[in-house]
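One structure is given below, encoded as structure tokens.
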Amino acid sequence: MDIPRIFNITESAHRIHNPFTPEKLATLGAALRLERGTRVLDLGSGSGEMLCTWARDYGIIGTGIDMSQLFTEQAKLRAKELGVADQVKFIHGDAAGYVSDGKAGVAACVGATWIGGGVAGTIELLAKSLRTGGIILIGEPYWRRLPPTEGIAKGCLADSISEFLLLPRLLASFGQLDYDVVEMVLADQDGWDRYEAAKWLTMRRWLEANPNDELAKDVRAKLTSDPERHAACTREYLGWGVFALMAR
Ligand code: SAH
């Protein structure tokens, strides 16, 4: 079981697989006023940077589930590197339908809401692992500006303009699900560059090391077109944030 290989190639050097910088991740942890010993569940935990750094900085106890074998291995190594291997556990597996045994104080899905079939379904799934009064974290894109054409939306790797909302509408949608938005930290364009531009050097080096790989043609095409696509589309039109929610 694994995610499509292209992501394991392009994001192999990423610690954070979204437009958050390490500073934003720390800001979010501080904003949540995490108490030591808080249990944090993370569906789609990637390379584990959120759980590992929050374990180090705020003393949380974490469980992460991720379908990428590579990212899960990297998460375990990171936990050892930061000296928090006894506080965080990383499971390689499908997080769809995952409900934890013990209840978490924070249940998160940061940039992987397809796991629950969209934002609403993911909130419903996370709520099953959450203790009363706990916080749900949703990391999700929104439109900074509405794309003028469907072509621009596709350039942001959205299926269509209707796939994402403008920020006020996204915030209102949480209310419609009967949740208060109690905090939020938003990514910025520099963060998008760290997420997207970091893939370019990784792709270039991978191509040099794997010229005959079956994905070499795809990776070459992506490296050729991605910088312009990023500057014209994602960087200008797509926003991204993590939203902290509490049931009303
Ligand atoms: N939250 C992490 C990763 C976000 S990228 C971070 O912010 O760094 C999306 C992640 O979802 C990837 O790590 C991918 O491997 C994982 N993923 C995709 N489908 C999944 C599934 N069905 N179950 C668990 N993880 C999944």
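Just so it is clear, none of the values below were taken in a lab; they were calculated from the coordinates. Here the structure is a predicted model, which is why all the values come from computation and not from measurement. Cβ sites come from the backbone with ideal geometry, for glycine too, and all protein chains shown count toward neighbours.
Observations, loosely collected:
- The phi-based Karplus calculation (6.51 cos²θ - 1.76 cosθ + 1.60; θ = phi - 60°) puts the 3J(HN,Hα) values of region 39-47 at 8, 10, 9, 10, 8, x, 7, x, 8 Hz, whole numbers, x for Gly and Pro.
- Using the average count of surrounding beta-carbon atoms within 10 Å as a protection proxy, the listed peptides 71-83, 24-36 rank, highest first, as 71-83, 24-36.
- Of the GluC sites (Glu not before Pro) found in region 194-237, those in coil by DSSP whose Cβ has at most 14 other Cβ atoms within 10 Å are Glu214.
- Remark: region 123-248 projects, on average over all directions, an area of 9.6 nm² (convex hull of Cα atoms).
- Calculated Rg and Dmax of the chain using C-alpha coordinates, Å: 17.8, 55
- Other-chain or far-sequence residues with amide H under 5 Å of Leu130's (modelled H): Ala104
- Equivalent-ellipsoid semi-axes for region 105-150 (Cα gyration tensor, √(5λ), whole Å, largest first): 26, 11, 7.
- Alpha-carbon Rg/Rh ratio, for region 40-177, with Rh computed the Kirkwood way: 1.02
- Global dimensions of region 1-83 from alpha-carbon coordinates: Rg and Dmax equal 12.6, 38 Å.
- Of all beta bridges that DSSP places with both ends in the chain, some 45 percent have antiparallel geometry.
- For Trp143, residues with placed amide H under 5 Å, excluding near neighbours: Leu165, Leu166, Leu167, Gly239
- Given Lys103/Lys222; Lys128/Lys217; Lys89/Lys199; Lys128/Lys199, the pairs whose alpha carbons are separated by over 31 Å: Lys103/Lys222; Lys128/Lys217; Lys128/Lys199
- With contacts taken as Cα pairs under 8 Å at a separation of at least 6 residues, the chain carries a relative contact order of 22 percent.
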